[in-house]
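Shown next, in structure tokens, is the structure this report addresses.
Please treat every number below as a calculation from the coordinates, not as lab data. Owing to the predicted nature of the structure, the values given are computational and were not obtained by experimental measurement. Because the Cβ atoms are built from the backbone with ideal geometry, glycine has one as well, and the counts that use them run over all protein chains shown.
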Amino acid sequence: MTGKPIPITVEKAKWDGSVSARWPAVLLPARPPVRAWRTARGTEIARPRKGGVERAEKDMVSVTLGGCWVVTALLGSDGRPARYEVDACAPVEPVRDGVLRWVDLDLDLEIEDGAVRLLDQEQFRRRAVEMGYPDALCECAWEGLRDAADRSAARRWPFDGELGLEGDPA
């Protein structure tokens, strides 16, 4: 994608098709195959599965290559990544009809100051059984988080501060 940012709706779904979060964002120009979107601080994030609404506490930029992870950089006051959250997911589809929908698989990494924490393993295991995740999907989730952790350790994209908007996502 090149050109100006485009308003979109982001839908973070579960394997069973339910939507866990929905919010407005802006699709950012990025070098293919990167997909990137920005969520402004204060944006209302609807939580249909839980009921209720949250507000984004920080500006966020999320990126994916379309594979098995979405990296969200929570931006500091200087506009640079202060912390990263990595969601394991099913391969991310292109934007359709103004909606970027992706399937979250519950397993997450939190990366701050070079420290990597694996989160929600038990939830992932339980939902894999409850929702019937195929074995290949479970493998994709673990592979995606290993890839993200390796990239973080090597300070490679998207953990190099560029988020792939201009740099090389390789």
Around ASP97, under 15 Å between beta carbons, what's the net of Lys plus Arg minus Asp minus Glu among the other residues? +1
Cα gyration tensor shape of the chain, rounded if a/c is under 1.5, else prolate or oblate by comparing a/b with b/c: rounded
Within 10 Å, count the other beta carbons around each residue, average over each peptide in 54-64, 129-139, and list them highest first. 54-64, 129-139
Out of residues 5 or more away from VAL103 or on other chains, whose amide H comes under 5 Å of its own, with H placed 1.01 Å from N in the peptide plane? ALA13, ALA90
At the level of C-alpha centres, the distance separating the stretch 127-155 and the stretch 50-65, in angstrom, is 21
Any cysteine of the chain lacking a neighbouring Cys Cβ under 4.7 Å - listed by number: CYS89, CYS138
With a Förster radius of 22 Å, plug the Cβ-Cβ distance of GLN123 and ARG80 into 1/(1 + (r/R0)^6) and report the FRET value to the nearest 0.05. 0.10
Using a Cα-Cα cut-off of under 19 Å, which lysines could be cross-linked to LYS50, ignoring same-chain neighbours fewer than 8 residues away? LYS12, LYS14
Taking θ as phi - 60°, what are the ³J(HN,Hα) couplings along the stretch 129-138 by the Karplus curve (6.51, -1.76, 1.60), each to the nearest whole Hz, with x for Gly and Pro? 6, 4, 9, x, 4, x, 4, 4, 5, 4
